[in-house]
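Asker: Here you go, one structure.
Coordinate-derived values only; no laboratory data. Being a predicted model, the structure only gives us computed values, none of them experimental. Virtual Cβ from ideal backbone geometry, glycine too; neighbours counted across all protein chains shown.
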Amino acid sequence: MTTLQSIIIAIVEGLTEFLPISSTAHMRITENLLGISNEDKFTKVFTVAIQLGAILSVVVLYFKKFVDFKNGQFYLKLIIAVIPALLFGKLFSEKIDELLEKPIFIACVMLAGGLFFLFADNLFRDPEIKDEKDVNYLTALRIGLFQCLAILLPGLSRSAATIIGGMSLKLTRNAAAEFSFFLAVPTMFAATVYKLYKYYSDNGGFSSNEIKQLAIGNMVAFIVALIAIKFFIGFLKKHGFKVWGWYRIIVGCILLLLIYIGYIK
């Protein structure tokens, strides 16, 4: 992977990680367009590790929330919500890795999610929870269970699963999106640490070039994610999910076309 390739992939990660459109699907398409082999072990680690830069953008944007150590309930809610993902990720890690190698599965999930999004705004009406402070522990756990769907179904989108899950539990769009961002921090931090540790153990460390690529990738993902989160919150308030539904359908169809003509294998 060249420096330019790592920057492009990091831009895609930063743009798509917190949008309900699946960063996994977008990075998979990007890798193929850039001619990067799907068998490259470092690339697989890189696409997970640069999530660290993306989640740092959440901490910066919501800094007061994350450093309010007097608000122990906030941290406890995140711990409760992240536990299902940690358990599912551990139990089904091999199966998840297999699904990540099947682009046709990812494309079908993209399409199915897009069709659902076309009607999502009409399904969840009269929300009652407008702020994270009003989310109780049971609701946090349930949102965490929705997050597991994204782990088991690559292409669904972690943010999509948690936001829709939150809305189904009576959170407003804004509250559901923000809780999804908060939950991303422990979830993606754990996934990043695990992948980096596993690669380090299996390969005896990282080369100087790999360390450089990881540093550049995380920095780019951080900057782009800052912009994407601010954009998404405003856009979601005004327009809802329908436009993201059509977007997912279009990308899913493009992915299927690329698979059909043999460009993606």
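Asker: Counting C-alpha atoms alone, how compact is the range 1-117: give Rg to one decimal and Dmax as a whole number, in angstrom.
Answerer: Cα-based Rg and Dmax for the range 1-117 come out at 16.5, 49 Å.
Asker: Roughly speaking, what is the centre-to-centre gap between the range 60-103 and the range 134-181 when only Cα atoms are used, to the nearest Å?
Answerer: 11
Asker: Just the Kirkwood number for the range 87-233, please: inverse of mean 1/r across all distinct Cα pairs, in Å, one decimal.
Answerer: Value: 17.2 Å, from the Cα pair sum.
Asker: While we're looking at this one, here's another question. Can you classify the range 47-86 as rounded, prolate or oblate using the Cα gyration tensor, where a ≥ b ≥ c are the square roots of its eigenvalues, rounded means a/c under 1.5, and otherwise it's prolate if a/b beats b/c and oblate if not?
Answerer: oblate
Asker: Would you mind computing, in nm to one decimal, how far apart the modelled labels at Leu33 and Asp134 are, each placed 7 Å from Cα along Cα→Cβ?
Answerer: Simple spin-label model gives 4.1 nm for this pair.
Asker: Give a quick list of chymotrypsin sites (Phe, Trp or Tyr not before Pro) in the range 218-265 that DSSP marks as loop, anything other than H, G, I, E or B, with at most 14 other Cβ atoms within 10 Å.
Answerer: Here the sparse-neighbourhood loop sites are Tyr263.
Asker: Sorted by packing (mean other beta-carbon atoms within 10 Å per residue), highest first, where do 250-258, 79-87 land?
Answerer: Taking the mean over residues of other Cβ atoms within 10 Å, the ranking is 79-87, 250-258.
Asker: Can you list the GluC sites (Glu not before Pro) in the range 1-45 that are in a DSSP coil and have 14 or fewer other beta carbons within 10 angstrom?
Answerer: Within the range 1-45, the qualifying GluC sites (Glu not before Pro) (loop, at most 14 other Cβ atoms within 10 Å) are Glu39.
Asker: To continue, here is another question. For a protection proxy built on the mean count of beta-carbon atoms within 10 angstrom, sort 50-62, 208-220, 126-138 highest first, please.
Answerer: Going from most to least packed, we get 50-62, 208-220, 126-138.
Asker: Which entries in the list Lys198/Lys237; Lys133/Lys237; Lys212/Lys242; Lys77/Lys242; Lys77/Lys170; Lys64/Lys238 go over 28 Å, if you measure between the two C-alpha atoms of each?
Answerer: Too far apart for the 28 Å limit: Lys198/Lys237; Lys212/Lys242; Lys77/Lys242.
Asker: Just want to confirm a number: the relative contact order over the range 3-260, from Cα pairs under 8 angstrom separated by 6+ residues, in percent.
Answerer: Relative CO of the range 3-260 lands at 39 percent.
Asker: Something else: Okay, helix-only estimate at 222 nm for the chain: each DSSP H run of n ≥ 4 adds -39500 (n - 2.57), divide by all residues, round to 500 deg cm²/dmol; what do you get?
Answerer: Helix contribution divided over all residues of the chain: -26000 deg cm²/dmol.
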